[in-house]
1. Hey, among 78, 47, which residue is within 15 Å of residue 209 (Cβ to Cβ) and hydrophobic (A, V, I, L, M, F, W, C)?
2. For segment 341-379, give me each residue that is assigned to a helix (DSSP H, G or I), farther than 20 Å from residue 224 by Cβ, touching an Asp or Glu at 6+ places or on another chain (Cβ under 8 Å) and touching a residue at least 60 places away in the same chain (Cβ under 8 Å).
3. So the check is Cβ under 8 Å with 6+ separation or different chains; which pairs have a first residue in segment 73-96 that's more than 20 Å from residue 162 (Cβ to Cβ) and a second one that's β-branched (Val, Ile, Thr)?
4. Could you pull out the residue among 46, 67, 100, 63 that is touching a Leu at 6+ places or on another chain (Cβ under 8 Å), assigned to a loop (DSSP other than H, G, I, E, B), touching a residue at least 60 places away in the same chain (Cβ under 8 Å) and on the phi < 0 side of the Ramachandran plot?
5. Can you name the residue in segment 180-200 that is touching an Asp or Glu at 6+ places or on another chain (Cβ under 9 Å) and polar (S, T, N, Q) and is also most open to solvent (accessible area, probe 1.4 Å) among such residues?
6. Looking at segment 117-157 only, could you name the residues that are within 23 Å of residue 17 (Cβ to Cβ) and in a helix (DSSP H, G or I)?
7. How about segment 103-116: which of its residues are closer than 18 Å to residue 88 by Cβ and in a loop (DSSP other than H, G, I, E, B)?
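The values are calculated or read from the model by the stated rules, or taken from the named source; none is laboratory data. Here the structure is a predicted model, which means the values were calculated and not measured. Because the Cβ atoms are built from the backbone with ideal geometry, glycine has one as well, and the counts that use them run over all protein chains shown. Only protein heavy atoms, including side chains, enter the accessible area calculation; ligands, DNA and RNA are left aside. Shrake-Rupley method; radii C 1.70, N 1.55, O 1.52, S 1.80 Å.
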Amino acid sequence: MEDSYAFVPIRQAIVSEDVQNIKTFFINEFNQDPEFYVRVPGRVNIIGEHIDYCGYPVLPMAIQKNILLAVASTENKILQLKNTQNNYKPFKCSIDSFKIERPEGKGPEWHNYFLCGVLGALEEIQRNGGCKLKGLMVAISGNIPPASGLSSSSALVSAACLATMHANGQPLQKQLLATISATSERHIGTQGGGMDQAIAFLARQGCAQYIEWDPLRATSVSLPPQTLFLIANSLTEANKAAKSDFNQRVVECRLGCRLLAKVVGREDWKDIQQFSHLQNILGYSLSEMETLTEEYLSQEIYMRSELLSVFQVDSQEFEECLLTPNTRLSESFRLRQRALHVLQEAGRVTKFRQAAQVGDIEKMGELMKASHESLCHQYECSHQNLNDLVAAVGRAGASGRLTGAGWGGCIVALCDSIDQCDNAMRELKKYFAQRPEAEDRNFDDLVFITNSQRGAEVYLNDCN
């Protein structure tokens, strides 16, 4: 376990091209220099998909692609957002009076994610006794592909939270910032578990992080030095907040957990939402939890009417207490398949960590392949384009799996050598040559090798 999570802004000369570019943009837009910069990385989850919100550990790492902010504070309590990409419209509001919009049937406008982070920071500042709030002028840039499963939205939420806390002189403790950011992103409507925000702040260069919950903690996991991780974009965007698919899976896990808690006689079954919580209460191993699931979640599909009877609740209580706003019309639920994926995936994370520690790359690859198969067939969150990418890298001997929520986005592939990575790249070039929508795209933007990067940082402008 890491010894310290203290987060201290880093003062250093600003020399990188991306910082110089956003500084120039900021000066052109706001007619002054920024006071500081915030960088928050995207992430790739190596293994442990859809289990963080069930309370089980995950194994992500931060990547080179990031969200970058240039920021200056003001005394007028106005929040002004300007994006370097023209397709994202500028936004302006009072920093202590705004509404986060969640339109039905489509993804929220980009600035709403930023507002989530601001709101989380303001709520924390209020809990600490409040202060005279600063307004913010913010320029935003980033190279994390949107809706790609690499945590672009969570990185933006986390960057907004960090910038607001720093501008208002608040303590910048990593665990706290990760928790605030994870909680505040739920204002957008998605019921994530906190992995994206945790790795954004707790990442360390040169290793993945084994992230545990309650309390939040991260342990560095060294990966075999010859391994390379390749990320490939399916060119199928998947916005978690735009549809109900993600929250449907969260709800199915919660319902499955509560049903198991009820059948084993727990009177507090309504309060037991995570399989890990139930496992701890019962003192079971993962294999015993899997046996419990096989025995009592025996149906392929549970209809709403059946669950109303099992839980002895009416339709109104079922919708208000056991579902989310965007799943209240759901009539059927696959509890067994979701539970089995979660429990088996939790086991795969433990085995992957053990394999990495002894350098067993073959075992690591087998576990990644098994993870993808489970996501395809038990969690049903893959996409044909993702499966095709996994098959393409597989022809080169690499082991791929979808990363992120699924339904599109990216895959991550484990390569055991530079030669295998080169062969996987060649297979991917063949694949994208057959995709018309990739014709005008730069291959290096669709496929890239990544290694583990540092977590979020603040750079103070030396000229201030």
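1. Numbers: 78 fails: within 15 Å of residue 209 (Cβ to Cβ).
Among 78, 47, only 47 is within 15 Å of residue 209 (Cβ to Cβ) and hydrophobic (A, V, I, L, M, F, W, C).
2. 343, 345, 375
3. Final answer for the pair search is 92/78; 94/78.
4. Numbers: 46 fails: assigned to a loop (DSSP other than H, G, I, E, B); 67 fails: assigned to a loop (DSSP other than H, G, I, E, B); 63 fails: assigned to a loop (DSSP other than H, G, I, E, B).
Criteria check complete, one pass: 100.
5. Within segment 180-200, the match that is most open to solvent (accessible area, probe 1.4 Å) is 183.
6. Across segment 117-157, the qualifying residues are 152, 155, 156.
7. If we filter segment 103-116 for residues that are closer than 18 Å to residue 88 by Cβ, which is where we start, we get 103, 106-116.
Answer for segment 103-116, where residues must be closer than 18 Å to residue 88 by Cβ and in a loop (DSSP other than H, G, I, E, B): 103, 106, 107, 108, 109.
Residues checked against (1) at pLDDT 90 or above; (2) in contact with a Phe, Trp or Tyr (Cβ under 7 Å, 6 or more places away or on another chain); (3) of a type outside the set (Phe, Trp, Tyr); (4) closer than 27 Å to residue 27 by Cβ:
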position	(1), (2), (3), (4)
93	yes, no, yes, yes
123	yes, no, yes, no
129	no, no, yes, no
163	yes, no, yes, yes
